[in-house]
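Have a look at the structure below before the remarks.
No lab work stands behind these numbers, since they all come straight from the coordinates. Treat the numbers as computed from the prediction; the structure is a model and nothing was measured. Glycine also receives a Cβ, built like all others from the backbone with ideal geometry; neighbour counts cover every protein chain displayed.
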Amino acid sequence: MTRREGPPLADLLNRMVATPADFLREIPLNPKLGDFNILALINDLFLHIDGTPLKAHETGIFIFKKQAVAAYRNHMRLAAFTAWLLFEPLGHQPGLFRQHLIEWLSKGLAELGHWVTPEQVRLESDRREEFVRLCLRALGLRPAGESIHQAEDRLSTLDSAERARTVEKARLAEQRAREIREAMARKRAQEAAATYGRE
């Protein structure tokens, strides 16, 4: 994907710090209950940026089904947080971000929600920058004034989800190596016992 120049990083970081509490609150499992409707918020984001509302087939990702409650709520809170973050800086650019934005709000934030909460993203400086950079990359953008290489290099140093996956892979590889060593030791012990028994 071509990485066009997006908004300045500092503007997005400042906007993130200024996120109103309403965009960080718990999300009701039923969007028709309570005074906060995630579907309406995301629809407003698409109307503002793309000029068209969410289509019926795009709304499903924002409706609670039978997934884990905590995972759904964190995903939707990240979606609300993202709507605040991107609403003004992206402006009105019909057709430019729609598909990328749907992908980011559905799949990207669902995965990221396993590693971070909106509070962590907002309060921890490295997580703030990482989140902004991930948002921009998901939309095919890079921070204003940075080359593609600079943007990717900086993101790779901040990517906590990738670090967590790498640590988990290393842990599993070490566990597997330990299991193999233990199995080989048992086999040697059995062979030694069998040899000793024949003598």
- prompt: Over the Cα atoms of the chain, Rg to Rh with Kirkwood Rh, two decimal places?
  reply: 1.20
- prompt: Tell me which lysines have Cα within less than 19 Å of Lys169's Cα, excluding those fewer than 8 residues away on the same chain?
  reply: none
Residues Asp126, Asp35, Asp11 arranged by fewest to most Cβ contacts within 10 Å: Asp35, Asp126, Asp11
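Under a point-charge model restricted to the Cβ atoms of Lys and Arg (+1) and Asp and Glu (-1), what is the dipole moment magnitude of the range 4-147 relative to its Cα centre, in debye to the nearest 20?
In total the dipole reaches around 420 debye.
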- request: Please report Phe64, Phe46 as a ranked list, fewest other C-beta atoms within 10 angstrom at the top and most at the bottom.
  value: Phe64, Phe46
- request: Could you pull out the longest piece of the chain with no exposed loop trypsin sites (Lys or Arg not before Pro) in it, calling a site exposed if DSSP puts it outside H, G, I, E, B and it has at most 13 other Cβ atoms within 10 Å?
  value: 67-199
message: Counting other C-beta atoms within 10 Å, and keeping those with at most 14, which DSSP coil GluC sites (Glu not before Pro) do you find in the range 55-163?
response: Glu124
